[in-house]
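Here the structure is laid out as structure tokens; the discussion comes afterwards.
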Amino acid sequence: MTEVSRATRGHGLLEPYLARRRARQANRLLPTNLRSGRILDIGCGSFPYFLSHTSFREKVAIDQLPPTSASPDIAWHTLDLNAEPRLPLPSGHFAAVTLLAVVEHLDPTSLVELLAEVRRVLAPGGRVVMTTPASWSDGLLHWMARWRLVSAEEIEEHVYAYTQALLGWYLGKADFPMQNIRSGYFELGLNMWATADI
């Protein structure tokens, strides 16, 4: 499998397709007026598929793993956010922050702290975009992992399943204005997205 099509750890027949769909959904949720600024992608994986397929003036990546290869247009920070949910970045620095297929891997007891950090690094008018599997799809994802349709390594690391209401609660606890939080489903309802603006 080539590096470009290797969007996640492990192997799964549908992984490249799902990464493309996730990137497409995230790009739809990021308005054009933000793209002249900086974007931070948290939990991008060792190959930052989404950052490589989006257009922003500056791109910054955070993951617990180092990159598989250097990309000259992406600044990289290796950081384990389960161990320390703080972002070593200046306040008000980013027009957008993305967490795509990430929150299900994080310790839910520190998610509010991480989302408060996301809010801190967002500039006024900025947006956070999150995607995560719908809570009802957990059993189906484990079945798909057994049949190598999705990465078993990724699925086995899921620590929590979310609902739209719960994502909204976490964003609200992190001081995002409730009236600026939106959410929905994609991929036939298997996945959810949520956005919050400041």
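Could you please let me know if Thr131 is closer than 21 Å to Asn82 by Cβ and hydroxyl-bearing (Ser, Thr, Tyr)? So Thr131 passes the test.
The condition of being in contact with a helix residue (DSSP H, G or I) (Cβ under 8 Å, 6 or more places away or on another chain), assigned to a strand (DSSP E or B), modelled with pLDDT of 95 or more and not β-branched (Val, Ile, Thr) holds for only one of Ala95, Ala123, that being Ala95.
In the condition set (1) hydrophobic (A, V, I, L, M, F, W, C); (2) outside any loop (DSSP other than H, G, I, E, B); (3) more than 18 Å from Leu114 (Cβ to Cβ), Ala194 is compliant with all but (3). Among Ser151, Ser183, Ser110, which is the only one that is surrounded by 14 or more Cβ atoms within 10 Å (Cβ to Cβ) and touching an Asp or Glu at 6+ places or on another chain (Cβ under 6 Å)? From the options Ser151, Ser183, Ser110, the qualifying one is Ser151.
The condition (being within 28 Å of Pro16 (Cβ to Cβ), surrounded by fewer than 16 Cβ atoms within 10 Å (Cβ to Cβ) and touching a strand residue (DSSP E or B) at 6+ places or on another chain (Cβ under 6 Å)) is satisfied by just one residue among Ala70, Ala96, Ala61, Ala75: Ala75.
Here are some residues: Leu171, Leu166. Which one is under 19 Å from Pro85 (Cβ atoms), modelled with pLDDT of 90 or more, over 15 Å from the mean Cα position of the chain (by Cα) and not in a strand (DSSP E or B)? I'd like the intermediate steps shown before the answer.
Details: Leu171 fails: over 15 Å from the mean Cα position of the chain (by Cα).
Matching residue, one of Leu171, Leu166: Leu166.
For Glu153, the conditions (1) outside any helix (DSSP H, G or I); (2) in contact (Cβ under 8 Å) with a residue 40 or more places away in the chain; (3) farther than 14 Å from Ile42 by Cα; (4) in contact with a Lys or Arg (Cβ under 8 Å, 6 or more places away or on another chain) are fulfilled apart from (1). The set of residues in the range 6-39 that are modelled with pLDDT of 85 or more, surrounded by fewer than 16 Cβ atoms within 10 Å (Cβ to Cβ) and among the hydrophobic types (A, V, I, L, M, F, W, C) contains only Leu13.
Applying the selection to the range 40-77, what residues are touching a Phe, Trp or Tyr at 6+ places or on another chain (Cβ under 7 Å) and modelled with pLDDT of 95 or more?
Leu40, Asp41, Ala61
You will find that of Val129, Val102, the residue that is among the β-branched types (Val, Ile, Thr), touching a residue at least 12 places away in the same chain (Cβ under 8 Å) and either in contact with a Ser or Thr (Cβ under 6 Å, 6 or more places away or on another chain) or farther than 24 Å from Arg35 by Cβ (or both) is Val129 and no other.
The values are calculated or read from the model by the stated rules, or taken from the named source; none is laboratory data. These numbers were taken from a predicted model, which means no experiment stands behind them. Cβ coordinates were reconstructed from backbone atoms using ideal geometry, including for glycine residues, and neighbour counts include every protein chain displayed.
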